[in-house]
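Here, each number is a calculation from the coordinates, and none is a lab measurement. Predicted model, so just to flag it, every value in this text is computed and none were measured. Counting neighbours? That spans all protein chains shown, and the Cβs are built from the backbone with ideal geometry, glycine included.
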Amino acid sequence: MSEQIKKFMYINRRAPYGTIYAWESLEVVLIGAAFDQDVHVAFIDDGVYQLLKGQDTSAVDMKNFSPTYQALGDYDVTKLYVEKESLEERGLTLEDLMPLTYEDEDDDWAEKDSIRLMSRAELADIMDEQDILFSF
Amino acid sequence: MTTLHTVNKSPFEKSSMDSCLAYAKQGSSVLLYEDAIYGAIKGTAVADKVAAMGGVNFYVLGPDLKARGVSEDKVVDGIGIVDYAEFVTLAAENDKVQAWV
Amino acid sequence: MAIEANGKTFETDEEGYLTNLGEWESAIAEEMAREDDLELNDEHWEIINFLREYYEEYQIAPAVRVLTKAVGKRLGKEKGNSKYLYSLFPYGPGKQACRFAGLPKPTGCI
Amino acid sequence: MKFAIQVNEGPYQHQAADSAYQFTKAVLEAGHEIMRVFFYHDGVNNGTNLTTPPQDDRNIVNRWSELGKKHDLDLVVCVAAAQRRGIVDEGEMKRNGKSAQNIADGFRISGLGQLVEAGIQSDRLVVFGD
């Protein structure tokens, strides 16, 4: 395997459950975490709905994968960007999303927020710096 | 870094072209193909949005125009008409490709 | 395929993973272990219970490296390494322990 | 230059499978390298040998197989996505106790890690999807 570290961004623009894209994209993120790259995950457009609190799929008999986002910290995937404009357009705030955290090994395992609220312009800058963009 | 953005949805059906235009930086390129070719046509409600994007290079995939019966003279002035070989060149010339799927 | 435990029959797939995860009970793990020539002790159960809790909380089986890190943190540094986990589960914590714990079969993604 | 291609949609349902093929062919014609074509989501259906389109239409599956053979392409179908959608090779058939295999010529089933690795090892990743 190549020794170089690339900046990877996974871009989520779809709501969960209506299609399988959100779940299968999360599966890639989990597998990709083993490759020791510089991983970034963006939630824009309907992708922000993936992180909504209180998902309960029992009445539709589908797998509820929302708790899996909370495992991302264990997988050292700690840079999750949520686009501010997408939230606002949908009448949402950060309070509506699941809190996602990680424990910072370099800071005595202090618990820190993984979700970073970004304006569209800020996120466009971060996207611009990436080497590889995965879309689902 | 420069990016080739690709859009394949009709702007009249889906918002991916809008999202793409909101993210496309000066100096980047946008390729409209498959159903997104309808976003490259003159006199539509989206033509002005494309015209307002100064500093972004627009392209449309000729084979997809032709397949849908849209003649090249209907394409907004300034949008380049490319074939698959030129699509490859655009992908190679930019530092990366972002698909607004 | 099927496995007999606690006087009941439970359906399993070709590789011995439980078909209906909701049916899991500890006797199934004991029986699966017996078929693998293992006897489950407290240390095995510590890991099996950990896996079940992890799955319950996150809806996935942890990757082995995530498991070792988490076990090390929760159960002590001397247990947070793959050597320890393989000593308990010779066929691997990902495959064997997850099977005993009634977790889904790993898709073998890497 | 090394290209990696990701195909997210199945054949016939969505033009993405056609666009990916035309693009892949053009990459090769331009003298570049295709290091891998990775089929994900419903894209795994590009790799089933059970497809029988009418004779007056293109055969998307055979077309991939032929291009793959001609250029020694690494056509990889994601195992997790394939299991959900019923695409199996000999090994998966046995592992899961199925009665037949249906992977098309020139395709192989492998893990999602192959997609990530393609991202790392290629110069360009180009995604085709819905």
Query raised in the report: Taking only Cα atoms, what is the 0 to 90° angle, nearest 10, from helix A:21-32's long axis to the longest principal axis of chain A?
Result: 30 degrees
**Report entry** Spatial separation of Cα centroids for region A:39-74 and region C:2-47, in angstrom
**Finding:** 31 Å
Requested in this report: Among B:A24, A:M98, D:A16, flag the residue with its Cα farthest along the positive direction of the charge dipole of the protein assembly as shown, charges on Cβ as +1 for Lys/Arg and -1 for Asp/Glu.
Outcome: D:A16
Report task. Return the subset of A:K79/C:K73; B:K14/D:K70; C:K69/D:K2 for which the Cα-Cα distance in this structure is over 31 Å, preserving the input order. Result -> B:K14/D:K70; C:K69/D:K2
**Report entry** Order of C:E31, A:E95, D:E92, D:E29 under a 10 Å beta carbon neighbour criterion, fewest first
**Finding:** A:E95, D:E29, C:E31, D:E92
Query - Cα shape, region A:7-135, gyration tensor, a/c 1.5 rule - result: rounded
Query raised in the report: Which order results if B:L61, A:L133 are arranged by neighbouring Cβ count within 10 Å, fewest first?
Result: A:L133, B:L61
Requested in this report: Taking chain C as the reference, fit the longest principal axis to its C-alpha atoms, fit the long axis of helix C:64-75 to the helix C-alpha atoms, and give the angle between the two in degrees, 0 to 90, nearest 10.
Outcome: 70 degrees
Requested in this report: Mind putting a number on the dipole of region A:7-135 about its Cα centre? Charges go on the C-beta only, +1 for Lys and Arg and -1 for Asp and Glu, and I need it in Debye to the nearest 20.
Outcome: 640 debye
Report summary line: Inter-part gap, Cα centre of region B:29-101 to Cα centre of region C:79-107, in whole angstrom, is 52 Å
Report summary line: Length-normalised contact order of chain B, Cα under 8 Å, at least 6 apart, in percent, tallies to 38 percent
Report summary line: Contact order relative to length for chain A, counting C-alpha pairs under 8 Å separated by 6 or more residues, stands in percent at 31 percent
Query raised in the report: Between the helical axis of D:60-71 and the dominant principal axis of chain D, each derived from Cα atoms, what acute angle in degrees is found, rounded to the nearest 10?
Result: 60 degrees
Report task. Assign unit charges at the C-beta atoms only (+1 for Lys and Arg, -1 for Asp and Glu), then state the dipole size of chain D relative to its Cα centre in Debye, rounded to the nearest 20. Result -> 280 debye
**Report entry** Percentage relative contact order, chain D, counting C-alpha pairs under 8 Å, at least six apart
**Finding:** 36 percent
Query raised in the report: Rounded, prolate or oblate: which fits region D:2-128 when a ≥ b ≥ c are the square roots of the eigenvalues of the alpha-carbon gyration tensor, with rounded for a/c under 1.5 and prolate only if a/b beats b/c?
Result: oblate
Query raised in the report: For the protein assembly as shown, what is the charge dipole size about the Cα centre, in debye to the nearest 20, if Lys and Arg each add +1 at the Cβ and Asp and Glu each add -1 at the Cβ?
Result: 960 debye
Query raised in the report: Using a Gaussian network model of chain B with C-alpha springs under 10 Å, which one of B:A67, B:A47, B:A36 is most mobile by mean-square fluctuation?
Result: B:A67
Requested in this report: Beyond 22 Å between alpha-carbons counts as too far, so tell me which of A:K84/A:K112; A:K53/B:K9; C:K95/D:K94 fall in that bin.
Outcome: A:K53/B:K9
Report task. Counting other beta carbons within 10 Å of each Cβ, put B:S19, B:S71 in order, fewest first. Result -> B:S71, B:S19
